[in-house]
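The values are calculated or read from the model by the stated rules, or taken from the named source; none is laboratory data. Everything quoted here is computed from the prediction, not taken from an experiment. With ideal geometry, Cβ positions are generated from the backbone for all residues, glycine too; neighbour counts draw on all protein chains shown. Keep in mind that these areas ignore ligands, DNA and RNA; they rest on the heavy atoms of the full protein, side chains included. Shrake-Rupley method; radii C 1.70, N 1.55, O 1.52, S 1.80 Å.
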Amino acid sequence: MSQAQPFFMHLPDGVAHAAARTPAFTVFWSLAMAMLVLNLGQVLGLGNINALEKMLFLAAAVCYLHGKSRDPVAGAGLALMCLSTMITGLLTPFAAFSWVRLLFALIALIALAAFFLAPPTLAQRRLMLVSIACAPLILIAYSLLLAALLGRPLFMRDHTGASRLGGATIPAFLAAASYAATVAASFLYAENRKPRWMLVAGVALALCALSGTRMPSACAAASAALILMTALSSAGARLALAAGGGVLCTGFLLTAGDQILIRILSGSSSGRDKLWDSLAPWVDRYPLTGVGFGHHGLLIPEHVLRLTNTTAAHNEYLRLLVELGYAGEAAFLLGILLLFLGRRLYSRATWPLGVLLLAIFFLYASTDNVFYLSYALFVPLCIAVGAPLRAARRPG
């Protein structure tokens, strides 16, 4: 009788060879996640140290890709994204254009985009989904520790009067982390039916709502419902999930969810209208080339910066239009679609689910900053690595 072989000896497309590199990937991925969650730049007043976090993710991506066959569709998408930024950078007449700024913005994007170029091993996939699912829970535990030791507040009050949970980070970042965690935990439950992942998904969704964010909370709830409804095979189980989810959601909104209701009922855009009004005229000034990838923050007037406390556009489609122009944005968005929908990342059974979940994510991009932020990019990453898990579990 022949000796049983390790599971990775049966994996296709060079994934077996990459399994030997999983320990190195685990180290770099874990360090990058720790840097992201600990947020030392803000907590310790060290300034912007995002470059270190991105370098760790980039190192993890190198280990992740080593020995694997690249997905040609995803590779073409990433190449198209890079070309659109480089060509518009070469052509733009914007006086304040800087190649250093462009390259830093591009590296920040590539650091996580590289994970879409090849499918993960089973061990890599498990590590990514579990760590992303647990990230907001660890972040809140860390925030409670900071509150106890340093008196750092857990909540902030915004201009609408709503109290928003942020903890060791800001509410928008906690919302993005919780959205990604909801998707990851939902896929983990769909894979193994362990109740703890359903609980993690529910807690992450509650944290997203407690952050006071409207679009991420709606997108997280819709994504979880779609994944779980697809995973459950019987009509009775789906009906029970819908009824139970409705009761829990109503109970949450009537108790701890009153703060998000304040923001919803206020009708406030949280300063987005000011940001958009200040960026829109630059589209008319540079319609063909834009001002350069990563440069839109230079265009926000000081009085708008003081009002909104941010230089982020809170609309990725407007940001790309300002930075790349009409043709550049069209090429970039086509590239990101090809990247997210690489043909080796989905089976035929999971491709429709992936498309629907990505459509929800692209809706999120219309009101928030998602193509720079690691927490936000975890959402399509979870969709890409999580969807095949659910299909692989089904017999036949």
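For Ser163, no residue whose modelled amide H falls within less than 5 Å of its own remains once neighbours fewer than 5 places apart on the same chain are excluded. The candidates His314, His295, arranged from most to least accessible area with a 1.4 Å probe in the full protein assembly, appear as His314, His295.
Rounded if a/c is under 1.5, else prolate if a/b is larger than b/c, else oblate: which is region 81-240, with a ≥ b ≥ c the root eigenvalues of its Cα gyration tensor? Please report the intermediate quantities before stating the final value.
Details: a/c = 2.01, a/b = 1.29, b/c = 1.55.
Oblate, because a/c is 1.5 or more while a/b does not exceed b/c.
Considering only the other residues whose Cβ falls under 14 Å of the Cβ of Thr92, what net charge follows from Lys and Arg at +1 and Asp and Glu at -1? Write out the running numbers ahead of the final one.
Details: positive: Arg101, Arg285; negative: Glu323, Glu329.
Result for the local shell: 0.
Electrostatic bookkeeping for Gly41 treats Lys and Arg as +1 and Asp and Glu as -1; over the other residues with beta carbon under 15 Å from its beta carbon, the sum is +1. For region 137-144, backbone phi angles converted through the Karplus equation (6.51, -1.76, 1.60; θ = phi - 60°) give residue-by-residue couplings of 5, 5, 4, 6, 4, 5, 5, 5 Hz, Gly and Pro being listed as x.
Along region 76-88 the Karplus relation, 6.51 cos²θ - 1.76 cosθ + 1.60 evaluated at θ = phi - 60°, assigns HN-Hα couplings of 5, x, 5, 4, 5, 4, 5, 4, 5, 6, 5, 5, 5 Hz to successive residues, with x for each Gly and Pro. How big is the gap, in Å, between the Cα center of region 57-115 and the Cα center of region 116-146? Result: 24 Å between the Cα centres.
Which shape class, rounded, prolate or oblate, goes with region 34-106 when its Cα gyration tensor gives a ≥ b ≥ c as root eigenvalues, a/c under 1.5 marks rounded, and past that a/b bigger than b/c marks prolate?
On the way: a/c = 3.63, a/b = 1.11, b/c = 3.27.
Oblate shape, in that a/c is at least 1.5 and b/c is the bigger or equal ratio.
Per-residue Karplus couplings for region 96-106, computed as 6.51 cos²θ - 1.76 cosθ + 1.60 with θ equal to phi - 60°, are listed in order as 8, 4, 9, 5, 4, 4, 4, 5, 5, 5, 5 Hz, Gly and Pro entered as x.
Summary of packing: across the peptides 217-225, 195-203, 59-67, the per-residue average of other C-beta atoms within 10 Å ranks them, highest first, as 217-225, 59-67, 195-203. Bridgeable lysines around Lys68 (alpha carbons under 28 Å apart, same-chain partners fewer than 8 residues away excluded): Lys54.
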